[in-house]
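Student: After the structure tokens below, expect a handful of questions from me.
The values are calculated or read from the model by the stated rules, or taken from the named source; none is laboratory data. Just so you know, these numbers come straight off a predicted model, no measurement behind them. Don't worry about glycine lacking a Cβ; one is built from the backbone with ideal geometry, like all the others, and counts go over all protein chains shown. These area figures cover heavy atoms from the full protein model, side chains too; ligands, DNA and RNA do not enter into them. Shrake-Rupley method; radii C 1.70, N 1.55, O 1.52, S 1.80 Å.
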Amino acid sequence: MSESSSAANGTILIADFVNVDAAGKVNIIGGGIQFLGFDPESRLSAPFAVFVNVTVNIPQFEDTSASVEVLLVDTDGQPVTITGPDGTNTMRFSQDVDFRPANAAHLQEPPMGFPGNSNIVLNFPSGLPLHVGATYEWIVLMDQTRLASTTFFVPGPAEA
């Protein structure tokens, strides 16, 4: 989707739980997390989910897709890497998105220019091995253009 063809905006938030039901409705529990808990025994953050919504104006139905990326960075703006059983992985999630509304044969199509949107949910039910005392930022990009971000902190135990 070219810059001249659409205006886009994004929303991102961290929550305890997020899902999108079959009708496309978003269910968020415990949304707006800024301080993400940490378990010193497992060395993992608390379980959490990341919700992303990208909305675009579609002037023409021929120009309806884009690449959406969600990236976790540290305070220096560097992508965060996580070491797991398969090696080191960058916390980057990419998806090609088609913003056209779902076509239901029994429903009228919306008018040209009606906003298209896409919801993305990233669930981390076991948490992530993040560093205590560190600040992180989730960033949403569409075709390499920054749309939204949210920052969070992983607090550890208070110093005695």
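Student: Out of all the residues in region 41-94, which are free of Cβ contacts under 8 Å to residues at least 60 places away in the same chain and in contact with a strand residue (DSSP E or B) (Cβ under 7 Å, 6 or more places away or on another chain)?
Tutor: 58, 79, 80, 81, 82, 88, 89, 90, 91, 92, 93, 94
Student: So, in region 86-124, exactly how many residues are loosely packed, with under 10 Cβ neighbours inside 10 Å and of a type in the set (Phe, Trp, Tyr)?
Tutor: Matching residues across region 86-124 total 0.
Student: Is it true that some residue in region 91-107 is under 21 Å from residue 49 (Cβ atoms) and either assigned to a loop (DSSP other than H, G, I, E, B) or more than 17 Å from the chain's Cα centre (by Cα) (or both)?
Tutor: Yes: region 91-107 contains one or more residues that are under 21 Å from residue 49 (Cβ atoms) and either assigned to a loop (DSSP other than H, G, I, E, B) or more than 17 Å from the chain's Cα centre (by Cα) (or both).
Student: Okay, next question. Tally time: how many residues in region 122-148 are part of a strand (DSSP E or B) and closer than 17 Å to residue 95 by Cα?
Tutor: Residues that pass the stated criteria total 11.
Student: Taking region 5-46 as the region of interest, how many residues are open to solvent by 70 Å² or more (accessible area, probe 1.4 Å) and outside any strand (DSSP E or B)?
Tutor: Total satisfying the criteria: 8.
Student: A further question follows. From the list 93, 124, 152, 114, pick out the single residue that is of a type in the set (Phe, Trp, Tyr) and modelled with pLDDT under 95.
Tutor: Just a single option satisfies the conditions, and that option is 114.
Student: Starting from region 126-150, keep only residues that are on the phi > 0 side of the Ramachandran plot, then list their pairs with residues that are outside any strand (DSSP E or B) and open to solvent by 40 Å² or more (accessible area, probe 1.4 Å) whose Cβ atoms are within a distance under 6 Å, requiring at least 6 positions of separation or different chains.
Tutor: Every condition considered, the pairs that remain are 127/47.
Student: Another question about this same structure. Would you check if residue 83 is among the hydroxyl-bearing types (Ser, Thr, Tyr), within 14 Å of residue 130 (Cβ to Cβ), part of a strand (DSSP E or B) and modelled with pLDDT under 95?
Tutor: So residue 83 passes the test.
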